[in-house]
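The values are calculated or read from the model by the stated rules, or taken from the named source; none is laboratory data. Note that the structure is predicted; figures quoted are calculated from it, not measured. Here the Cβ positions follow ideal geometry from the backbone for every residue, glycine too, while neighbour counts run over all protein chains shown.
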């Protein structure tokens, strides 16, 4: 617990470490993989998508994260092509906030609405990475790493949600997790 609080404190005091976007980063598979895993904004959004889909249950467990990954790839192509998108970082920060609130609300949204919801956010996440890829030495390996990293975080979120749904305190735990994520998202928005 103390370790988590320390990491949160460091993230709040040194905000440059919570943003994953660094054009000077390397360009291989591990660079792409580590981008969503080590960037707090991406990490929280990806895990939230997985948890949200587990809260919904049924086919949404895989369809919602799949839509995110697919639309993220479209956003990446748009970014690589130089298509302008307004306020990418703000869109990413808002995705963390909104996905956290969705976990707190714990409402089972219709799957199509949830897919639309995460798809909009996926455009911003993908665009951020697409604009970086042309500057990297190995863009194909970077994209593959980013894809695997994102999917892995979605799976981690699904596992968290499924485990929580099997415990007596799971709903409350997921609400607390959602509140924490929303709080960090709000901080990123006002940063």
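Here are the numbers:
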| item | result |
| --- | --- |
| Hits in region 78-90 (condition: surrounded by 15 or more Cβ atoms within 10 Å (Cβ to Cβ) and under 21 Å from residue 141 (Cβ atoms)) | 78, 79, 80 |
| Pairs with Cβ under 6 Å, 6+ apart, first in region 45-56 and at positive phi and surrounded by fewer than 24 Cβ atoms within 10 Å (Cβ to Cβ), second part of a helix (DSSP H, G or I) and at pLDDT 95 or above | none |
| Residue in region 120-130 that is under 17 Å from residue 54 (Cα atoms), touching a residue at least 60 places away in the same chain (Cβ under 8 Å) and surrounded by 22 or more Cβ atoms within 10 Å (Cβ to Cβ) present | no |
| Considering residues of region 96-113 that are assigned to a helix (DSSP H, G or I) and over 13 Å from the mean Cα position of the chain (by Cα) only, the residue surrounded by the fewest Cβ atoms within 10 Å (Cβ to Cβ) | 113 |
| Filtered residues of region 75-93 (kept if over 12 Å from residue 129 (Cβ atoms), in a helix (DSSP H, G or I) and over 11 Å from the mean Cα position of the chain (by Cα)) | 89, 90, 91 |
| Residue list for region 54-64, filter: over 13 Å from the mean Cα position of the chain (by Cα) and part of a helix (DSSP H, G or I) | 54, 55, 56, 60, 61, 62, 63 |
